[in-house]
Amino acid sequence: MAKAFKVQNSGRLDKVLSQALSVSRNQVEKLIKEGLVSVDGKIIKKRSFIVSPNQKIAYEIKEAPKKEFQKIEFEIEKLYEDEDVLVINKPPHLVVHPAASVKEPTLVDWLRSQNVRLSTLSGEERNGIVHRLDKETSGALLIAKNNFAHEKLSKQLQDRSMGRYYLAIINYPLKEDVIVDKAIGRNPKNRLKMAAIEGARAAKTHFVKIATGKKSIELIGAKLFSGRTHQIRVHLSTLGRHIIGDKLYGPNKECNERMMLHASVLYFIHPRSNEQMQIMAPLMEDMKEFMEKNFQKGLIDELFTKEKLASFFTNSIVNK
């Protein structure tokens, strides 16, 4: 059913409509392109069309068709949940989004089973996933439970007021704490990989040394200042290092462990209360067991506070 309102101030159709509906211009652009918006009874498909005071804008919101999801036979730990957001501890080996090549259930299937299913104004279904983690990466992942929260959190992802501290176990110690500031793009020699390529999309990662283990492996922290695909792995490769268990960027004869990368702390501003949130994701059992075998006793208990992990970055020599 169409809804309508009268224009108060002149301006571009997409701007006036987005302000009236309190949504992004991207969403109203889809409405306009699909012929779901009219001005004084005439359908307008040009977003830059100028409307004047007292003109009548009518719009129609399409319902998103409910998609079938695969049967879920696994549980995911919820770290925090309220009416707007859900933070989970993503297990390793779980793909976030469905794809033609993915046969097993994904995180999106699990979200649908939990009735977390958002709709854009143009009727396209979303599932509230604000950011992604690679299949083998575990840890804190943020999901918006409504369109209001999704828009707010997406803006935080863009301006970097949202972020994560990662823990990674690498094959050989870093020489020192370091910030790698190198652009990342698709590897021209291997389309499955990314690479540091001059002139590609800007990318910046802060690495800090935490603890050395057996056989010279090292536990490090990583903080992203951008969100490029495989960013931590690519930037480590520029330093001649790789994450234990990384079959793509490390040696093919690597140990049988899964990739030892964990999004340990997630920080963001709550979309409704504006409260600064920090959520910590406990280590998965496989990574915990690996650390207990290869690092000093008690290291995990010592590390696992939000304040402790953040302190490695604030106290880093990079910041001095």
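Values in this text are rule-based calculations from the coordinates and carry no lab data. All values derive from a computational prediction rather than experimental measurement. No Cβ is skipped: glycine too gets one built from the backbone with ideal geometry, and neighbour counts run over all protein chains shown.
Per-structure values
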{"read-out": "Karplus-derived HN-Hα couplings along the range 156-173 (A = 6.51, B = -1.76, C = 1.60, θ = phi - 60°), whole Hz, x at Gly and Pro", "value": "5, 5, 6, 8, 6, 6, 10, x, 9, 9, 9, 10, 9, 10, 10, 6, 7, x"}
{"read-out": "The range 1-47: C-alpha gyration tensor shape, a/c 1.5 cut-off, then a/b vs b/c", "value": "rounded"}
{"read-out": "Among 238, 264, 111 - extreme Cα towards positive end, dipole of the range 77-319, charges at beta-carbon", "value": "238"}
{"read-out": "GNM top mover of 163, 35, 213 - the chain, alpha-carbon springs below 10 Å", "value": "35"}
{"read-out": "Dipole in debye (nearest 20) - the range 3-59, about Cα centre, beta carbon charges: Lys, Arg +1; Asp, Glu -1", "value": "80"}
{"read-out": "Using a Förster distance of 45 Å, the FRET efficiency for residue 135-residue 50 (Cβ separation, nearest 0.05)", "value": "0.45"}
{"read-out": "Cα gyration tensor, the chain - rounded (a/c under 1.5), prolate or oblate", "value": "prolate"}
{"read-out": "Ordering of 200-208, 171-179 by packing [mean C-beta count within 10 Å, highest first]", "value": "200-208, 171-179"}
{"read-out": "Residues listed by number, the range 154-174, amide nitrogen under 19 Å from residue 296 label point at 7 Å toward C-beta", "value": "168-170, 172-174"}
{"read-out": "Too-long pairs where the Cα-Cα distance tops 32 Å, listed order kept, from 152/308; 6/152; 15/182; 15/71; 78/247; 182/306", "value": "15/182; 15/71"}
{"read-out": "Net charge contributed by nearby residues that have their C-beta within less than 14 Å of residue 144 (K/R +1, D/E -1)", "value": "+1"}
{"read-out": "Contour minus Cα-Cα distance for residue 183 and residue 285 (0.36 nm per residue)", "value": "33.3 nm"}
{"read-out": "Structure-based [θ]222 nm, the chain - -39500 (n - 2.57) summed over DSSP H runs of at least 4, per residue, nearest 500", "value": "-6000 deg cm²/dmol"}
{"read-out": "Mean Cβ neighbour count within 10 Å, used as a protection proxy, ranking 140-153, 261-274 highest first", "value": "140-153, 261-274"}
{"read-out": "Rounded Å value of the spacing that divides the Cα centres of the range 1-64 and the range 235-276", "value": "42"}
